[in-house]
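Have a look at the structure below before the remarks.
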């Protein structure tokens with residue numbers, strides 16, 4: 001944005017504030033369009049961002065899955081868990097590459113604890129009719 005000497009400062013300030021507000025609103029709308037909620041249960045929600053899906057050869061896809069715990073009487077220190085999951089789309093299996101706990105919902109703020117990481121490809125079968133199976137069917141769809 002170009003500030004000119006001919007315009008009053010208040011007009012420039014109003015234009016700057018409004019453009020910032022609309023920019024934040026647009027970014028928030030894009031983030032919500034990118035978020036795919038797989039399960040919205042009584043105690044937790046499971047979602048992933050479409051933009052986090054990475055294609056890996058030959059038939060693998062990697063995605064970050066976010067689990068948000070809903071508040072209860074005994075408030076847990078962990079509000080959300082972010083998992084990096086690697087799906088083998090051809091074999092219908094998965095491996096967990098990393099697990100990170102957060103004190104804020106939607107994996108916000110600084111990580112509290114990274115409980116697991118590494119490239120131990122366990123190739124566990126995807127449990128049928130589970131939220132993970134729903135994510136796998138959406139991520140591995142052609």
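The values are calculated or read from the model by the stated rules, or taken from the named source; none is laboratory data. All values reported here derive from a predicted model rather than from experimental measurement. When we count neighbours, we look across all protein chains shown, and the Cβ atoms used for this are built from the backbone with ideal geometry, even at glycine.
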Exercise for review: Only residues that are exposed (fewer than 14 other Cβ atoms within 10 Å of the Cβ) and in contact with a strand residue (DSSP E or B) (Cβ under 7 Å, 6 or more places away or on another chain): list them for region 44-77, please.
Suggested key: 50, 54, 55, 56, 59, 70, 76, 77
Study note, to complete from the structure: The residue that is surrounded by the fewest Cβ atoms within 10 Å (Cβ to Cβ), considering only those in region 78-108 that are under 13 Å from the mean Cα position of the chain (by Cα) and on the phi > 0 side of the Ramachandran plot, is 106
Practice item. Output the residue which, of all residues in region 127-141 that are in a loop (DSSP other than H, G, I, E, B), under 20 Å from the mean Cα position of the chain (by Cα) and closer than 16 Å to residue 88 by Cα, is modelled with the lowest pLDDT. Key: 141
Exercise for review: With the condition kept exactly as written, say whether any residue in region 62-70 is at pLDDT below 95, in a loop (DSSP other than H, G, I, E, B) and under 19 Å from residue 101 (Cα atoms).
Suggested key: yes
